[in-house]
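Here the structure comes first, spelled out in structure tokens, and everything after it is commentary.
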Amino acid sequence: ANDANIIAKSGGAGARCFVFRLVSDGSLRLLLSAAGAVFDTTATSSVTLASVGITNGSRCSVRADWRQSDGRVQFFYSTNQGATWTQLGADQSILIASIFDSAAQPVEIGSGANGTVFLFVGKIYRTQLYNDITLAQDFDPSLAVPGAASFVSMTGETYTINRSGATTAEIVASAATLAKPLV
């Protein structure tokens with residue numbers, strides 16, 4: 001298996017913001033950029049999802065928390081849709097003052113670089129981005145009509161379903177089956 005983005009806001013040099021990725025070994029990785037040119041720092045869970053009993057085909061919620069004040073990064077998983085969370089590995093550290101925000105770069109679910117790299121194959125049921133405790137973006141495909149070309153989230157973003165290429169994204173029931181970006 002290849003590395004696959006869960007959620008990213010990352011184009012070429014000058015547009016790199018963040019990436020939350022499932023690594024081919026089953027670990028999770030968070031990449032952050034302070035200036036947009038390169039990913040300045042990365043943190044990776046030191047325990048893989050497989051080592052805690054998560055297997056292909058099973059449903060699992062994952063989370064990365066970065067705290068700006070001290071740079072602490074923690075990775076978590078849940079097998080009960082976020083009712084309880086278990087930390088993966090030890091605390092990591094990403095020491096930057098802030099995350100770069102490229103207005104020109106869309107947030108992508110299940111890919112990177114506008115659907116050209118790190119394609120996620122599987123189902124992503126929901127993604128949420130928080131700024132501190134405030135919900136900033138909420139990708140919830142249960143709000144979309146199956147087969148729709150786009151939908152508007154509860155937090156106001158319009159998600160366009162990319163149906164180009166050999167593999168496509170689509171809204172099926174209340175899950176997004178993804179291998180291309182939603183931008």
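The values are calculated or read from the model by the stated rules, or taken from the named source; none is laboratory data. Source: prediction; values computed, not measured. So basically every Cβ, Gly included, is an ideal-geometry build from the backbone, and we count neighbours across all protein chains shown. We work out accessible area using only protein heavy atoms, side chains counted, and drop any ligands, DNA or RNA first. Shrake-Rupley method; radii C 1.70, N 1.55, O 1.52, S 1.80 Å.
Restricting region 13-24 to residues that are more than 14 Å from ALA113 (Cβ to Cβ) and in contact with an Asp or Glu (Cβ under 9 Å, 6 or more places away or on another chain) leaves a set whose member that is least open to solvent (accessible area, probe 1.4 Å) is VAL23. In the set (1) in contact with a Gly (Cβ under 9 Å, 6 or more places away or on another chain); (2) modelled with pLDDT of 90 or more, TRP85 fails one condition alone, (1). Close Cβ contacts (under 6 Å, 6 or more residues apart or on different chains) running from residues in region 44-55 that are under 19 Å from VAL73 (Cα atoms) to residues that are part of a loop (DSSP other than H, G, I, E, B) and open to solvent by less than 40 Å² (accessible area, probe 1.4 Å) comprise THR44/SER27; SER45/SER27; THR48/GLY26; THR48/SER27; LEU49/GLY26. For region 1-45, the tally of residues that are assigned to a loop (DSSP other than H, G, I, E, B) and of a type in the set (Ser, Thr, Tyr) stands at 4.
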